[in-house]
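Trainee: Please see the structure below; I have some questions.
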Amino acid sequence: MRCASGSVLPEPFADVEAVIQAAGRGERLGRGPKAFLSLGGRTLLERAISTMRAVAGDVIAAVPREDVERARELCGPGVTIVAGGATRGETLIALLSRGHAPWVVLHDVVHPFVTPELARRVIETARVRSAAVAAIRSTSTAYRVEAGRPLGRVSAGDLWLTSKPWAFRREAFVRGLAGPREPNGGIGSFLRGAAEEITLVPTEPWNIKITTAGDWQLAEAIERGGVPPV
């Protein structure tokens, strides 16, 4: 596989399976299911699949139940499409119950600027440190807010915002199913329930998450600016 620059990417990891969360209905964004929104001429689902195919032997994606056939037509053969659940936890269980590889890389269509290079760094870190996630280090002071009032202050540099992708061992997720976790929690909740050490892998600030209309405008601006380079 070659990048547009002509550089050669390593072959996908044969023992890694990619799972993609794409079951969000986009209610806060107000544009319908995010998986099928087009950015730079490709849907967010197509972008995520292209990235994950570069690092994983198999790819599984979860979309809203009513959009399963639509996603299968869009993605074509070679990608397994499953129906997502009512919560992030249910969707993760649906995704991981279809796989078998010992290592998992977890992506989400709401992070359209994840690169294969970043995903590979996260996977390689997880192999050494048990579990890993891309994260953005804050360069500004932050506050914990309760009932609209700022409480505890967090100094610049002490706060990290988790992004995508994650990488972890499948058996750790299985153990986390039986352990304590937060209601409606994501993969971090499962891994903490399994007492897994989670390592943060620095990523660029343009590795944004699309949730609101403002996020979508920012994503379009980043795409127009050619960041990340392709």
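We did not get these values from a lab; they are worked out from the coordinates using the rules stated. Being a predicted model, the structure only gives us computed values, none of them experimental.
Trainee: So how far, in whole Å, is the C-alpha centre of region 195-212 from the one of region 70-103?
Mentor: 21 Å
Trainee: Can you run phi through the Karplus equation (6.51, -1.76, 1.60; θ = phi - 60°) for region 134-148 and list ³J(HN,Hα) in whole Hz, with x for Gly and Pro?
Mentor: 5, 8, 9, 7, 6, 9, 10, 5, 10, 10, 7, 10, 9, 6, x
Trainee: Tell me, what ³J(HN,Hα) does each residue in region 191-200 have, in order and in whole Hz, if you take phi through Karplus 6.51 cos²θ - 1.76 cosθ + 1.60 with θ = phi - 60° and put x for Gly and Pro?
Mentor: 5, 5, x, 8, 6, 7, 6, 10, 9, 8
Trainee: Just want to confirm a number: the relative contact order over the chain, from Cα pairs under 8 angstrom separated by 6+ residues, in percent. Walk me through the numbers before you get to the answer.
Mentor: On the way: 460 pairs, mean separation 47.8, N = 230.
21 percent.
Trainee: Also, I was wondering about something else. So what J values fall out for region 103-112 if you push phi through Karplus, 6.51 cos²θ - 1.76 cosθ + 1.60 with θ = phi - 60°, rounded to Hz, Gly and Pro as x?
Mentor: 10, 10, 10, 9, 10, 8, 4, 6, 10, x
Trainee: Just checking my list (i) 46, 38, 33; (ii) 51, 45, 36; (iii) 51, 43, 39 against Cα extents along the principal axes in Å computed from this structure; which label fits?
Mentor: Read-out from the structure maps to (iii).
Trainee: Counting only helical runs of four or more DSSP H residues, what would the 222 nm mean residue ellipticity of the chain come to if each run contributes -39,500 (n - 2.57) and the total is spread over all its residues?
Mentor: -9000 deg cm²/dmol
Trainee: Another one. Shape verdict for region 116-230, please, from the Cα gyration tensor: rounded (a/c under 1.5), prolate (a/b greater than b/c) or oblate. Before the final figure, lay out the partial values.
Mentor: On the way: a/c = 1.83, a/b = 1.19, b/c = 1.54.
Oblate, since a/c reaches 1.5 and b/c is not below a/b.
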